[in-house]
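This report concerns only the one structure given below.
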Amino acid sequence: QPGQGKTSFCYKLIHDYLESHSDLPPVPIIFLKIRELVAKDFINNPFEEIGRRFHFMDFNEDEFILIIDGLDEAYMSGGITDSDLRNLYERLKKRVNKKIKIVLTSRFNYLNTGDSCLDGTLILQLNELTDKQIINYCSNFKKTFA
């Protein structure tokens with residue numbers, strides 16, 4: 001649901017990845033919020049739409065991690081249907097470049113985990129943070145962004 005940490009998870013993932021390398025990481029990360037895109041264009045041609053913003057990447061050849069945040073927001077505000085979502089999953093899975101690793105966040109009820117388009121996909125559900133985890137996260141966030 002709203003505020004449960006999907007975007008914070010993305011920031012934490014990026015932070016931890018960058019912190020684990022003393023220099024630039026070997027594999028670049030692209031972080032994109034779906035709400036910054038035209039949802040229907042993204043659904044119909046995800047890599048073309050992303051490529052317009054990140055023209056320095058070769059989506060057919062380069063290895064990178066693509067973090068896409070907020071699929072549920074596209075569904076709620078962009079007139080996206082269940083069929084559109086299934087088509088998007090298929091397009092992401094059938095991408096030409098298998099060196100692209102994709103993380104896609106969404107509220108759980110916008111995802112039918114039984115759909116065949118998700119076969120072979122790792123699906124994670126965020127649990128609530130403990131008070132100690134929240135304090136630790138805030139401390140790290142403050143150090144990073146203050």
Where only protein heavy atoms count, and the probe is 1.4 Å, what is the accessible area per residue for region 23-146 in Å²?
64
Peptide ranges 22-32, 84-94, 122-132 listed from the most packed, as the mean C-beta count within 10 angstrom indicates
84-94, 22-32, 122-132
Two-decimal ratio, region 1-55, of alpha-carbon radius of gyration to 2.2 N^0.38 Å:
1.38
When only C-alpha pairs under 8 Å and at least 6 residues apart count, what is the relative contact order of the chain, in percent?
27
Please give the net charge around Gly5, taking every other residue with its beta carbon less than 13 angstrom from that of Gly5, where Lys and Arg add +1 and Asp and Glu add -1.
+1
Per GNM of the chain with C-alpha springs under 10 angstrom, the most fluctuating residue out of Gly79, Gly51, Gly114 is Gly114
Nearest-10 value in Å² for the accessible area of Tyr75, using the 1.4 Å probe
70
Taking only the alpha-carbon positions of the chain as identical scatterers, the Debye log10 I(q)/I(0) at q = 0.08, 0.16 Å⁻¹ comes out as -0.24, -0.97
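The values are calculated or read from the model by the stated rules, or taken from the named source; none is laboratory data. The structure displayed is predicted, hence computed values, not measured ones. Heads up, the Cβs are rebuilt from the backbone with ideal geometry, glycines too, and the neighbour counts pull from every protein chain shown. Note: areas computed on protein heavy atoms with side chains; ligands, DNA, RNA excluded. Shrake-Rupley method; radii C 1.70, N 1.55, O 1.52, S 1.80 Å.
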